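The block underneath contains the structure these notes are about, expressed in structure tokens.
What follows is calculated from the coordinates using simple rules that are stated; it is not laboratory data. Source: prediction; values computed, not measured. Here the Cβ positions follow ideal geometry from the backbone for every residue, glycine too, while neighbour counts run over all protein chains shown.
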Amino acid sequence: AARGLDLVVRGVGVSDRNDPRDSILGGARYLRLIKQTIPERIPEPDRTWFALAAYNVGEGRMRRLAKSSRSKNFWSGDIFAQLPRETQEYVPYVLAAAWLFLHPEDYGLEFPRVDASPGQVQLVKAMTLSELTVCLGQAGSRDGWFRTLRNLNPRVDPNKRLPAGS
């Protein structure tokens with residue numbers, strides 16, 4: 001679904017999805033393309049909300065829902081209630097995050113500078129990314145480090161043993 005974007009989305013694309021700039025620009029282009037697929041009878045700002053939902057749940061599903069619904073209001077039970085819970089939560093979360101980002105001073109927010117320069121870990125002994133994540137612990141999350149390491153190393157099979165020194 002990443003038509004012509006310089007973004008790797010589930011294996012589609014040509015660029016580095018782990019580069020924050022490429023990822024943000026590619027995601028914004030993708031969202032703009034999705035928005036163009038929403039039927040024109042849907043007015044703003046509902047078109048934007050439909051596009052955010054489509055980004056999460058899939059373009060085809062939202063297009064079918066928009067066409068089959070009598071309502072043009074994204075938040076109506078006719079549309080919103082038909083979405084999976086994940087998408088019902090995703091759209092308001094994204095809208096809230098965008099609002100806070102645009103108006104941080106209204107909420108006493110300061111966004112810290114983050115050092116996003118790549119780091120390296122050199123393996124003392126051969127192991128898989130899966131084994132390495134066990135060594136690193138859970139990092140306070142359900143998934144621990146596995147998802148992060150897998151995403152930061154897209155060309156590495158997480159179950160293939162990496163040699164010592166790599």
* To do: Pull up all non-local amide H partners of MET127: gap of 5 or more, or a different chain, and H-to-H distance under 5 Å with H placed in the peptide plane.
  => LEU162
* Asked: For all pairs of alpha-carbon atoms in segment 23-161, what percent lies in each bin of width 5 Å, listed from the first bin to the last filled one?
  -> 2, 8, 13, 14, 12, 13, 13, 11, 8, 4, 2, 0, 0
* Asked: Whose amide H sits under 5 Å from the amide H of ASN73, counting only residues 5 or more places off or on another chain, with H placed in the peptide plane?
  -> none
* Go through 78-84, 93-99 and give me the packing order, highest mean Cβ count within 10 Å leading. => 78-84, 93-99
* So how strong a dipole does segment 73-166 carry about its Cα centre when Lys and Arg Cβ are +1 and Asp and Glu Cβ are -1, to the nearest 20 debye? -> 720 debye
* Which GluC sites (Glu not before Pro) does segment 86-166 hold that lie in a coil by DSSP with at most 13 other beta carbons within 10 Å? -> GLU110
* Asked: Excluding same-chain residues fewer than 8 positions from LYS125, which lysines have a Cα within less than 20 Å of its Cα?
  -> LYS160
* Compute the distance in nm between two label points, each set 7 Å from the Cα along the Cα-to-Cβ direction, one at GLU105 and one at ARG64. => 4.8 nm
* Asked: Per-residue HN-Hα couplings for segment 116-127, Karplus 6.51 cos²θ - 1.76 cosθ + 1.60 at θ = phi - 60°, whole Hz, x for Gly and Pro?
  -> 9, 5, x, x, 9, 10, 9, 6, 7, 9, 5, 6
